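To start, the structure itself, in structure tokens.
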Amino acid sequence: MPCWRIEPVIEDRPYQLDDVNHAMNHGREMRPIHCAPTGSGKTVIQAMVAAREMQRGDSTAILTPRNEIFTQTQGITGEVCGVDNVAVLRAKREGESWRQNRPIHVVSWPTLISRVKRSHFWFPSVKRVLVDEAHLSMAPKILGILEHYAPKAILDSYTATPARMTGKGLGRFYTTIKHVTTVRQLMAEGWLAPVEYWGGKTPDMAGIKIRRGDYEVKKLSDACVVLVGDAVDNWLRLASDRHTIVFAVDIAHAEMLAHRFKAVGVSAAALHTRLDQEERDEVNYLFKSQAVQVLVNVGIASYGYDAPSVNCIQICRPTKSIVLHLQMIGRGMRPAVDEDGEVIKDPKDPRFKICMVLDHAGNVRDLGMADDLFRWRLDEGKKACENWSKREESGEPDPTVHTCEDCGHLFSQRRVCPKCGWKVPYSKRDVAATEDDLVPIGRNMVKRLPEGWPSHEVFFQMLLHKQREKKYSDGWARSQFNKKAGCYPPQHWGNLAAIPPNKRVTNWITSRNIAYAKWKQKQKQAGISG
């Protein structure tokens, strides 16, 4: 048997080792899906399985659906198993060639599908096949690849959401679901960042058809026009210092959002499938190096997109797909790491990450939060995720997403707001989101400023500086303070020294100016029409 050199350099976790052992102890008759949340290290698990096969003298193919995931898989597999042991099979790139004699093959689905049409020579000859992003694998062409290997190779597939995008199960091909770990466990252990949710105005979805389990994209763009201005305004107000991924409906919507962000001085870029691969690579590089602060994407960063610096997800795309919903939120849940690559788990560390989700589409209320206890099934032709009514009948905690009437925080699994202690009244329905501004779906905005802002006194001094700089009326600073803090400042604060506003306060003032300009425009139009 050949003996290949292994260079393990990535620290493994107990649940990862348990899952690797499970994979190594089943035969060809089983075709399991390993269900592991975003951030659990599915790529590391796959690389560890490939390393075990090398120790046995056997070979492995890892199938990936898209170039962004391919590059990540190639890098991690090289770290775990040794770069010289990894062959790559994808569309020809300078300096790359497929070396058939290597023990591990990282394979691009589209490339393999295209080449095997010409010759079966292009099928890597391997003992084991690992399928990444298994929820995409029921497409006929991909399924044909899997069925080619099924009789003779051991198959393991991996995903955070074991269902088709339509919400139906994957039982046509797979035989069982292996639950690796849960979002709640990963959060408790510090491997995933906690999430705070902010919600608000939602588009009118009446009359929009449902196709393949989700809203019809062509109609969604019109429904989301009302959100475009609000997206920029609310981001400036709430998240102007955060590294952000925005999810848009379609390419035109993404380009418009990116344009509006750039128009107010924010470094933003659109990422979508009409860009050629070189352009996509450039956008990805600029975003992941944080030269671009806001990435507005369509259909690319929704799964398998690894950028730990992202701490804000802005959802401007309504969906009925639980798969897409969880994949979008998951992009912001990877924890912060220090300069040595170690995960920062201590909430008291100022670098500790909390992901902010700005939901302009009402998806959280309809579909739930990332750490809800979803139950997945393989049933062919049926919904893969157990619905809430069955959970309620079983006596489990109430899964309804509540909006706190005192502070606006969104929460579930309890009837008491974790931020301020407000209790959900049994005789009332949840309160709808505010008309114009997103509110925390968890932070008390009444007589208290958000975390990371200056104190009330310093905030007012910054407003005084802006008032005097712009020669606004004497009551401007007091009025703006009331809008943010929910109360007027003491009269004697008017004698305080003015302080130049920081970036966060400046962006908030800009957002209020935009809102005021829009209101004036509406008033003007109403006067003309009258």
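The values are calculated or read from the model by the stated rules, or taken from the named source; none is laboratory data. As the structure is a computational prediction, the values presented were derived from the model and not from experiment. Reconstructed Cβ throughout: ideal geometry from the backbone, glycine too, with neighbour counts over all protein chains shown.
Criterion first (crowded, with 23+ Cβ neighbours inside 10 Å, under 29 Å from the mean Cα position of the chain (by Cα), among the small types (Gly, Ala, Ser) and under 30 Å from Gly190 (Cβ atoms)) does Ala61 satisfy it? Spell out the reasoning first.
Working: crowded, with 23+ Cβ neighbours inside 10 Å: yes; under 29 Å from the mean Cα position of the chain (by Cα): yes; among the small types (Gly, Ala, Ser): yes; under 30 Å from Gly190 (Cβ atoms): no.
No.
Hey, could you check the stretch 310-334 for residues that are over 25 Å from Asp233 (Cα atoms) and in a loop (DSSP other than H, G, I, E, B) and say which is farthest from the chain's Cα centre (by Cα)?
Lys320
Find all pairs meeting these conditions: Cβ atoms under 7 angstrom apart; at least six residues apart or on different chains; first residue within the stretch 495-513 and on the phi < 0 side of the Ramachandran plot; second residue acidic (Asp, Glu) and not in a helix (DSSP H, G or I).
If the second residue must be acidic (Asp, Glu) and not in a helix (DSSP H, G or I), the pairs left are Lys503/Asp241; Arg504/Asp241.
In this structure, does Ala87 turn out to be crowded, with 16+ Cβ neighbours inside 10 Å and more than 29 Å from Leu286 (Cα to Cα)?
It is false that Ala87 is crowded, with 16+ Cβ neighbours inside 10 Å and more than 29 Å from Leu286 (Cα to Cα).
Somewhere in the stretch 190-209, is a residue polar (S, T, N, Q), part of a loop (DSSP other than H, G, I, E, B) and at pLDDT 90 or above?
Initial filter on the stretch 190-209 (polar (S, T, N, Q)): 202.
Next, only the ones that are part of a loop (DSSP other than H, G, I, E, B) stay: 202.
Adding the requirement that they be at pLDDT 90 or above leaves none.
No, there is no match, as no residue in the stretch 190-209 is polar (S, T, N, Q), part of a loop (DSSP other than H, G, I, E, B) and at pLDDT 90 or above.
Any idea which residue in the stretch 240-259 is farthest from Ser289 (Cα to Cα), counting only those that are crowded, with 22+ Cβ neighbours inside 10 Å and among the hydrophobic types (A, V, I, L, M, F, W, C)?
Val249
Could you list all residues from the stretch 81-105 that are of a type in the set (A, V, I, L, M) and either closer than 16 Å to Gly57 by Cα or not in a loop (DSSP other than H, G, I, E, B) (or both)? Lay out the reasoning, then the answer.
Step one: filter the stretch 81-105 for residues of a type in the set (A, V, I, L, M), giving 83, 86-89, 91, 104.
Val83, Val86, Ala87, Val88, Leu89, Ile104, listed by residue number.
Tell me, yes or no, whether the stretch 330-340 has at least one residue that is within 21 Å of Pro37 (Cα to Cα) and in contact with a helix residue (DSSP H, G or I) (Cβ under 7 Å, 6 or more places away or on another chain).
Residues of the stretch 330-340 that are within 21 Å of Pro37 (Cα to Cα), as a first pass: 330-337.
Now drop any that are not in contact with a helix residue (DSSP H, G or I) (Cβ under 7 Å, 6 or more places away or on another chain), which leaves none.
No, because not a single residue in the stretch 330-340 is within 21 Å of Pro37 (Cα to Cα) and in contact with a helix residue (DSSP H, G or I) (Cβ under 7 Å, 6 or more places away or on another chain).
Restricting to the stretch 278-309, and then to whatever is under 20 Å from Leu192 (Cβ atoms) and over 9 Å from the mean Cα position of the chain (by Cα), can you tell me which residue is modelled with the lowest pLDDT?
Gly304
Collect the residues in the stretch 144-168 that are in a helix (DSSP H, G or I) and among the hydrophobic types (A, V, I, L, M, F, W, C), keeping them in residue-number order.
Listed by number, the residues that qualify are Ile145, Leu146.
Of the residues in the stretch 138-171, how many are within 23 Å of Asn25 (Cα to Cα) and either crowded, with 18+ Cβ neighbours inside 10 Å or in contact with an Asp or Glu (Cβ under 7 Å, 6 or more places away or on another chain) (or both)?
First pass over the stretch 138-171, keeping only residues within 23 Å of Asn25 (Cα to Cα): 146-160, 162, 170-171.
Now narrow it down to the ones that are either crowded, with 18+ Cβ neighbours inside 10 Å or in contact with an Asp or Glu (Cβ under 7 Å, 6 or more places away or on another chain) (or both): 146, 149, 153-160, 162, 170-171.
Qualifying residue count for the region: 13.
Among the residues of the stretch 113-134, write down those that are of a type outside the set (Val, Ile, Thr) and in a loop (DSSP other than H, G, I, E, B).
Those that are of a type outside the set (Val, Ile, Thr) and in a loop (DSSP other than H, G, I, E, B): Lys117, Arg118, Ser119, Phe123, Pro124, Ser125, Lys127, Glu133.
State all residues of the stretch 485-514 that are modelled with pLDDT under 85 and closer than 22 Å to Arg242 by Cβ; if no residue qualifies, say none.
Ala485, the sole residue that qualifies.
Kindly indicate which of Phe460, Phe481 is modelled with pLDDT of 80 or more, under 28 Å from Gln314 (Cβ atoms) and of a type in the set (A, V, I, L, M, F, W, C). Walk me through it before giving the result.
Numbers: Phe460 fails: under 28 Å from Gln314 (Cβ atoms).
Step by step, each of Phe460, Phe481 is checked, and only Phe481 is modelled with pLDDT of 80 or more, under 28 Å from Gln314 (Cβ atoms) and of a type in the set (A, V, I, L, M, F, W, C).
Which ones in the stretch 95-137 are of a type in the set (Ser, Thr, Tyr) and either surrounded by fewer than 16 Cβ atoms within 10 Å (Cβ to Cβ) or more than 23 Å from Glu79 (Cα to Cα) (or both)? Lay out the reasoning, then the answer.
First, pick out the residues of the stretch 95-137 that are of a type in the set (Ser, Thr, Tyr): 97, 108, 111, 114, 119, 125, 137.
Ser97, Thr111, Ser114, Ser119, Ser125, Ser137 - these are the residues of the stretch 95-137 that are of a type in the set (Ser, Thr, Tyr) and either surrounded by fewer than 16 Cβ atoms within 10 Å (Cβ to Cβ) or more than 23 Å from Glu79 (Cα to Cα) (or both).
Quick one: which residue in Thr159, Thr73, Thr111 is hydroxyl-bearing (Ser, Thr, Tyr), in contact with a Cys (Cβ under 9 Å, 6 or more places away or on another chain) and modelled with pLDDT of 90 or more?
Every option except Thr159 fails the conditions.
Out of the stretch 1-57, which residues are modelled with pLDDT of 90 or more and farther than 25 Å from Pro162 by Cβ?
Those that are modelled with pLDDT of 90 or more and farther than 25 Å from Pro162 by Cβ: Met54, Gln55, Arg56, Gly57.
Quick one: which residue in Gly78, Gly39 is assigned to a helix (DSSP H, G or I) and surrounded by 19 or more Cβ atoms within 10 Å (Cβ to Cβ)?
Details: Gly39 fails: assigned to a helix (DSSP H, G or I).
Residue meeting the stated conditions: Gly78.
May I ask you to list the residues in the stretch 486-508 that are out of contact with any helix residue (DSSP H, G or I) (no Cβ under 6 Å at 6 or more places or on another chain) and closer than 23 Å to Asp230 by Cβ? Give the derivation first.
Step one: filter the stretch 486-508 for residues out of contact with any helix residue (DSSP H, G or I) (no Cβ under 6 Å at 6 or more places or on another chain), giving 486-487, 490-492, 494-495, 497, 502-504, 506.
Once the filter is applied, which keeps residues that are out of contact with any helix residue (DSSP H, G or I) (no Cβ under 6 Å at 6 or more places or on another chain) and closer than 23 Å to Asp230 by Cβ, the stretch 486-508 yields Gly486, Lys503, Arg504, Thr506.
Looking at His253, is it at pLDDT 90 or above, of a type outside the set (A, V, I, L, M) and either in contact with a Leu (Cβ under 9 Å, 6 or more places away or on another chain) or within 30 Å of Asp366 (Cβ to Cβ) (or both)? Give the derivation first.
Numbers: at pLDDT 90 or above: no; of a type outside the set (A, V, I, L, M): yes; either in contact with a Leu (Cβ under 9 Å, 6 or more places away or on another chain) or within 30 Å of Asp366 (Cβ to Cβ) (or both): yes.
For His253, the condition - at pLDDT 90 or above, of a type outside the set (A, V, I, L, M) and either in contact with a Leu (Cβ under 9 Å, 6 or more places away or on another chain) or within 30 Å of Asp366 (Cβ to Cβ) (or both) - is not met.
Does the stretch 347-365 include one or more residues that are on the phi > 0 side of the Ramachandran plot and either in a loop (DSSP other than H, G, I, E, B) or more than 16 Å from the chain's Cα centre (by Cα) (or both)? Break it down stepwise before answering.
Of the residues in the stretch 347-365, the ones on the phi > 0 side of the Ramachandran plot are 362.
With either in a loop (DSSP other than H, G, I, E, B) or more than 16 Å from the chain's Cα centre (by Cα) (or both) added as a condition, the list becomes 362.
Scanning the stretch 347-365 turns up at least one residue that is on the phi > 0 side of the Ramachandran plot and either in a loop (DSSP other than H, G, I, E, B) or more than 16 Å from the chain's Cα centre (by Cα) (or both).
State yes or no: is Ala517 of a type in the set (A, V, I, L, M, F, W, C) and buried (at least 17 other Cβ atoms within 10 Å of the Cβ)?
Taking the combined requirement at face value, the residue does not satisfy it.
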